[in-house]
Number of protein chains: 6
Amino acid sequence: MTRLLLINPNISESVSELIRAEAQRSAASDTEVEVLTAPFGVAYIETRFEALIGAYAAAQLAAEHHARFDAVIVAAFGDPGLAGLREALPCPVTGLTEAALASACLLGHRFSIVAISQRIRAWYRETVHANGLSDRLASIRALDEPLADIGRVQSNQGERLVALAERCVAEDGADVIVLAGAPLAGLARSLQGRLPVPAVDGVSSAVRHAQSLVALQPGSARMGSFAPPPAKGNKGLPPAIAALLQRNPS
Amino acid sequence: MTRLLLINPNISESVSELIRAEAQRSAASDTEVEVLTAPFGVAYIETRFEALIGAYAAAQLAAEHHARFDAVIVAAFGDPGLAGLREALPCPVTGLTEAALASACLLGHRFSIVAISQRIRAWYRETVHANGLSDRLASIRALDEPLADIGRVQSNQGERLVALAERCVAEDGADVIVLAGAPLAGLARSLQGRLPVPAVDGVSSAVRHAQSLVALQPGSARMGSFAPPPAKGNKGLPPAIAALLQRNPS
Amino acid sequence: MTRLLLINPNISESVSELIRAEAQRSAASDTEVEVLTAPFGVAYIETRFEALIGAYAAAQLAAEHHARFDAVIVAAFGDPGLAGLREALPCPVTGLTEAALASACLLGHRFSIVAISQRIRAWYRETVHANGLSDRLASIRALDEPLADIGRVQSNQGERLVALAERCVAEDGADVIVLAGAPLAGLARSLQGRLPVPAVDGVSSAVRHAQSLVALQPGSARMGSFAPPPAKGNKGLPPAIAALLQRNPS
Amino acid sequence: MTRLLLINPNISESVSELIRAEAQRSAASDTEVEVLTAPFGVAYIETRFEALIGAYAAAQLAAEHHARFDAVIVAAFGDPGLAGLREALPCPVTGLTEAALASACLLGHRFSIVAISQRIRAWYRETVHANGLSDRLASIRALDEPLADIGRVQSNQGERLVALAERCVAEDGADVIVLAGAPLAGLARSLQGRLPVPAVDGVSSAVRHAQSLVALQPGSARMGSFAPPPAKGNKGLPPAIAALLQRNPS
Amino acid sequence: MTRLLLINPNISESVSELIRAEAQRSAASDTEVEVLTAPFGVAYIETRFEALIGAYAAAQLAAEHHARFDAVIVAAFGDPGLAGLREALPCPVTGLTEAALASACLLGHRFSIVAISQRIRAWYRETVHANGLSDRLASIRALDEPLADIGRVQSNQGERLVALAERCVAEDGADVIVLAGAPLAGLARSLQGRLPVPAVDGVSSAVRHAQSLVALQPGSARMGSFAPPPAKGNKGLPPAIAALLQRNPS
Amino acid sequence: MTRLLLINPNISESVSELIRAEAQRSAASDTEVEVLTAPFGVAYIETRFEALIGAYAAAQLAAEHHARFDAVIVAAFGDPGLAGLREALPCPVTGLTEAALASACLLGHRFSIVAISQRIRAWYRETVHANGLSDRLASIRALDEPLADIGRVQSNQGERLVALAERCVAEDGADVIVLAGAPLAGLARSLQGRLPVPAVDGVSSAVRHAQSLVALQPGSARMGSFAPPPAKGNKGLPPAIAALLQRNPS
């Protein structure tokens, strides 16, 4: 039995529901998924400042709950806190962007990202750059209207999202579409066969790849930049985070 | 039941045995693997010219046998023929390099490749470049002696391979080690816990990721650069390859 | 009168003292500087996880205190939280890395970073990459012993730091040396004339460039990716942070 | 007397005719050219899979015939098999893309490629990337209609090709136009003076540069990644290819 | 008292006037600025050939006059001669492009350049590339009409320049606008508040950053690629340039 | 009959002799070469400042003499003034670096540059970067002693140059060696067969490629960034340069 923790770094229970549903559909039969929602933060993350807040909320949840799980997933596109948690936690950690890009790279050469708001594009572009994959990014296209209800963007904007994806293929040369953001969890599945190229989703990709990382048993980092942070003084931190900082005896 | 075809693009049955053993160890319980060995080619591929030959051999085997499988794996590091087969076959296709790099990217930021010969490094470097991942490549280190027996390089050279991996971490800043080449299939598993950072292997990574691609059902390419090649005249080709070229009705 | 707020995102008062002293030496006569120390966090930041914590601490201090200042400086190398704060605050914001790199780029073509620990190098490399300046990075060299006292690293390790800088010039082709990290604040000044190339420091660079940004009056972002985050629901946040999130009326 | 072998890796004799005519017009008076057509393959190459086939066909022809020539040219854009043949053959080898890009780089800074089909663009983009010249690629523009007759695309589509080239200059900032693909052999010559920037062609460039490589006598590779492949076991190969694999005595 | 020399590498006194006015407005109260105009050259520089001429003119003026100044500014966008003068002069040297890009990088992530002519864009693109900042360049947009009077382009074309800047933000994703070229000196200041993102100007940025470089006292280069050129024979040079070439005793 | 003008942008007649001898050996029988030496400048160019001077000297010679020639070669490594002259002259122009890199790219994938002084490396690295070829640069290695006589560096330092080249192959992975700098003109030829990989030289490459550019008749630029500079006011220029600036009627 593989147990996966998915952390929604924003406060929207409706988005956690979408994540949970798609995670369960995606997981192998011997995998259990649990989704936790950030106790503080914003309704959905579309800027660097909101990501900074979400990263800290994700870190708190991960610190408190990781011990019961085989792997942890940061369940927001942009992967707030992912690199830090990969250092701090003793188990594999992945995030929606990283996992979706891995899927995309296994299905074609260049991918486009379809996103839920104009503003979110800069943050996504920087995330792709941080992953070293800018050369494979064909484009980022996004909805350009305010989102009335973040939990219902798929049903409210479904046709527009399809149209954006089709332009990514026809005009930008995308081989694969990444439907980005936890609010779009499950959309790749429900669009199956409607898009002219393969489409991937962060939640299902992250669940599948987390399972693989658990199965591969690649070992953990005792050296290098993902070893636990060197022990040093700290103060004022939530006890669970302080405990993570004591993992490294040296 | 998921059925995976692994194609060894070189002629060494001893290497096919290593591939088969590690593929079976890596596969989920509901996955069946089959390994085929190239009917023509060289003992192992370490140059661009040998890769050119291996690509054609892999294409022939894939064309003849793919119909019985859910996904196909080109089981040589350097992925000879992979991009072409992704166009031509109706099912997901991956290769050892691409799959190992995907695993590495999910486990850390920068990876090093440990390889079996000095000569092979240029071809691997170009493969990483073609994958757009040069920025995440910390180094490629390789054995520097002639290989007495390609099927026994793990046992004959095991300690030297470990020493190379340790230098990649200590001197080159690698977060993850990629043990490269089908002749090293299974080494990551047998070294478990001995290396100071996570280590991944092409065969186990490819098996796991191929399973994920089948499970995700991302859809296939009807447009874009991985759609089937446009129909056009051909001659003199093995019938199975000619048949693949007729997949696209337009 | 220009007022600058420098935020030390870690908890070491001894480092805040170094920052304060160098900031005062660097500031123009009509500039006032104030240094605040993070109320929670770690003794010094050398990993991505520690930076995640420092970013949130910096955000809290900035949110609470920015209104009294003309510009804000994140006073840790690696610039934890900088990009987010640039969105959220109505005044210019810079950080030690960004500012030191700007100085270095005005003094030569390629720069090396001299740092206080081996572990810190990966985080710095990623910060340089995020700034898009990897092509101008000649090398990162670092001390390789545990730091007995973070506030006294300059006096305890001064000669070793000079030796590292000299190797950056002689072996790596550096045109400029960046003495990195708040614990080295003031070292560039005290080494004046001893290094064979220009040397810059994060604190003095940040103070000078913050003054320039105030003087230039370039205007603030109402559009683009550094406009205030779009208003949306939030909960559980410190009031000052919540207030920043309400800046954008739309 | 310099003797050049041009290998058309596809099966279209009409294209071989275009290649032959332009090669003869381009060659110096003391150069003889011979064009061979692939005995198996497709009518023209526009995908990675077709290139894989063409590479093997080109390798067979090169292996059988190279001994009579001073240099070999792979006469398809995309250069199928070029890097491998450069290892395997004892004489200089070049290809249409590589040669045309070399010409373009000697005539301006950024070049655009004008091509015969939409589909072919991805393969060309990857070829430019493999040549490390992506930064100098202004754009790739292509005809967007099915080609009625590959041997007559110049006459049938001449005005459209000119219009594409003009847009590359006016909209994409091209300094030089590369008229790409063996089916356009000779078009640069016949358009002389009609385009607002210099235009180059793969066949004429390859003939001229092959002559130069012969004249420069730069020596051949006994070490490095273009030395002959290390000797190793092989089976089932055409005798001429097997013979090439025995060139390296070690 | 800090004394800055600004060298206009073209012959237009009207542009020197714009430079002088903006430099005086930008300078701190304890800074004196002097602007010199090239005694030979062209009316304004928009090509590489004109920049070559301007570089030599700037070098002559700098060689003759630098001794009275604390820092030198090459006051043309494109920075003709900057890198050479940084080697040759004993004081800090900067240029309008380099300085404006430094400002832009401190204010946002991606910048666009608004320029005065279509032709000038290639030269600016190459200057950004030489600065290693291509990844942060969102776009270069330019006026597309002949300039009736280079000294009055701001007043004649002001609204068109604003419209170009707005498109850079809305269509190209610019976080900051760089108003490029000495003929636009002062425009950022006069547009204050009209553009939706921060805007910077080369002259004011260069004055501010030159002041900072003087204040930081980073030391000069005795080694590395910006040390004075090694002494060697010369002939036929203006005496002031010959004198600069004798700075290095070795 | 093809007539080539080679311009030595420095004042050393002994180097001009080396250039002339190698150019004559390299040229086809129907090609005439003429070498002119800069009337002002330095003994040899190894810095950006010296290149700035050499560029202007080259421009004057080119302006005065180009009319009698079919193509012009800037005969110093680093190509001082090349891009500007390509705009200004009505005939093809190339330079030693650009031409040698083109040869190297036609002979292998990665090249190393062997140079005559440590100091010169930075300028060469920037030249390779400006050519967009940094990804193919394996290394730059250089002599590390003062040059007693620039015209005799080949005979005085021949064995050391060979040893540097061998290290480039063995340690840096070079496929091709570029023997850089006019003072090494002819060395590639005299070392024939002694190096383990192909070696190229700037002068012979430039002569051959210039011949090819003349033969290909690619047309000249009426638009784009290499069209003649737009006509505008100028003053104080040598008449031949002023005449070049009047080429463009618009």
Review point. Along region F:114-130, what does the Karplus equation 6.51 cos²θ - 1.76 cosθ + 1.60 (θ = phi - 60°) give for ³J(HN,Hα), rounded to whole Hz, x for Gly and Pro?
Key: 9, 10, 8, 8, 4, 4, 5, 4, 4, 5, 5, 4, 5, 5, 4, 4, 4
Check your understanding: To the nearest 10 degrees, how steep is helix C:202-216 against the longest Cα principal axis of chain C, on a 0 to 90 scale?
Key -> 40
Practice item. Shortest first and in nm with one decimal, please list how far the residue D:152 label point sits from its counterparts in the other copies (point 7 Å along Cα→Cβ). Key: 6.0, 6.0, 6.6, 7.1, 9.1
Review point. Cα centroids of region F:1-59 and region B:158-230: how far apart, whole angstrom?
Key: 53
Revision key, fill the gap. One computes Rg over Rh for region F:27-114 from alpha-carbon atoms, with the Kirkwood Rh, and obtains 0.98
Check your understanding: For residue F:110, which sequence-distant residues (separation of 5 or more, or a different chain) have an amide H within less than 5 Å of its own amide H, given hydrogens modelled in the peptide plane?
Key -> F:175, F:176
Review point. Given q = 0.06 Å⁻¹, what are the Debye log10 I(q)/I(0) values for the protein assembly as shown, with equal point scatterers placed on the Cα positions and solvent ignored?
Key: -0.54
Review point. Considering only the protein assembly as shown, what is the antiparallel percent among its DSSP beta bridges, to the nearest 5?
Key: 5
Revision key, fill the gap. Ranked output for segments F:45-56, F:134-145, B:210-221 by mean other Cβ atoms within 10 Å, highest leading, reads F:45-56, B:210-221, F:134-145
Check your understanding: Using a label point 7 angstrom from Cα along Cα-to-C-beta, what distances in nm, from shortest up, separate residue D:29 from the other copies?
Key -> 0.9, 8.2, 8.2, 8.2, 8.3
Practice item. Note the buried accessible area between E and C here, summed over both chains, with a 1.4 Å probe, in Å² to the nearest 100. Key: 3800
Check your understanding: Taking a probe of 1.4 Å, how large is the accessible area per residue of the protein assembly as shown, in Å²?
Key -> 30
Review point. By the gyration tensor of its Cα atoms, with a ≥ b ≥ c the square roots of the eigenvalues, what is the shape of region F:161-204: rounded for a/c under 1.5, prolate for a/b over b/c, or oblate?
Key: prolate
Point to revise | P(r) of region A:1-77 over all Cα-Cα pairs, binned every 10 Å from zero, in whole percent | key: 21, 51, 25, 3
Practice item. Using only atoms on other chains, find how many Cβ atoms lie within 10 Å of each Cβ of peptide D:202-215 and report the average. Key: 4
Check your understanding: Helix A:96-107 sits at what angle to the longest principal axis of chain A, using alpha carbons and giving 0 to 90 degrees rounded to 10?
Key -> 60
**Study point:** Alpha-carbon centroid distance for the pair region D:63-130 / region F:82-123, whole angstrom
**Key:** 21
**Study point:** Degrees separating the helix A:13-26 axis from the principal Cα axis of chain A, which is the longest one
**Key:** 90
Study note, to complete from the structure: Answer check: chain F, Cα atoms, Kirkwood Rh, Rg/Rh ratio of 0.97
Exercise for review: Leaving ligands, DNA and RNA out of it, report the carbon-plus-sulfur percent of the accessible area of region A:25-146 at a 1.4 Å probe.
Suggested key: 47
Check your understanding: Label-to-label distances across copies for residue E:163, with labels 7 Å out along Cα→Cβ, in nm, shortest first?
Key -> 2.7, 2.7, 6.5, 6.7, 7.1
Study note, to complete from the structure: Checked against a 30 Å limit on the C-alpha separation, the offending pairs among E:235/F:232; B:235/D:235; E:235/F:235 are E:235/F:232
Exercise for review: With chain A rotated onto chain C, spot the residue of A whose Cβ lies nearest the axis and note the distance in whole Å.
Suggested key: A:56, 2
**Study point:** Student exercise, region C:108-200 dipole from Lys, Arg, Asp, Glu Cβ charges, in Debye to nearest 20
**Key:** 140
Point to revise | Helical contribution to [θ] at 222 nm, DSSP H n ≥ 4, -39,500 (n - 2.57), averaged over chain E, rounded to 500 | key: -13500 deg cm²/dmol
**Study point:** Neighbouring partner chain Cβ atoms per residue of E:128-136, average, 10 Å criterion
**Key:** 5
Study note, to complete from the structure: region A:20-168: Kirkwood hydrodynamic radius (Cα pairs, Å) comes out at 16.5
Practice item. Note down the relative contact order for chain A as a percent, whole number, built from C-alpha pairs under 8 angstrom at least six residues apart. Key: 23
Check your understanding: Nearest 20 debye, what's the magnitude of the dipole of the protein assembly as shown about its Cα centre given +1 on Lys and Arg Cβ and -1 on Asp and Glu Cβ?
Key -> 0
Exercise for review: Please tell me the relative contact order of region D:1-133 in percent, rounded to the nearest whole number, where contacts are Cα pairs under 8 Å and at least six residues apart.
Suggested key: 25
Revision key, fill the gap. Computed over region B:98-201, the convex hull of the Cα set has an average projected area, in nm², of 5.8
Practice item. Could you grab the relative contact order for region B:98-201? Cα pairs under 8 Å, six or more apart, rounded to a whole percent. Key: 36
Check your understanding: Shielding of A:18-31 by partners, i.e. mean partner chain Cβ atoms within 10 Å per residue?
Key -> 1
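The values are calculated or read from the model by the stated rules, or taken from the named source; none is laboratory data. All of these numbers come straight from a predicted model, not from anything done at the bench. Positions of Cβ are generated from backbone atoms using ideal geometry, with glycine treated the same way; all protein chains shown enter the neighbour counts. Protein only, heavy atoms only, side chains kept; ligands, DNA and RNA dropped before computing areas. Shrake-Rupley method; radii C 1.70, N 1.55, O 1.52, S 1.80 Å.
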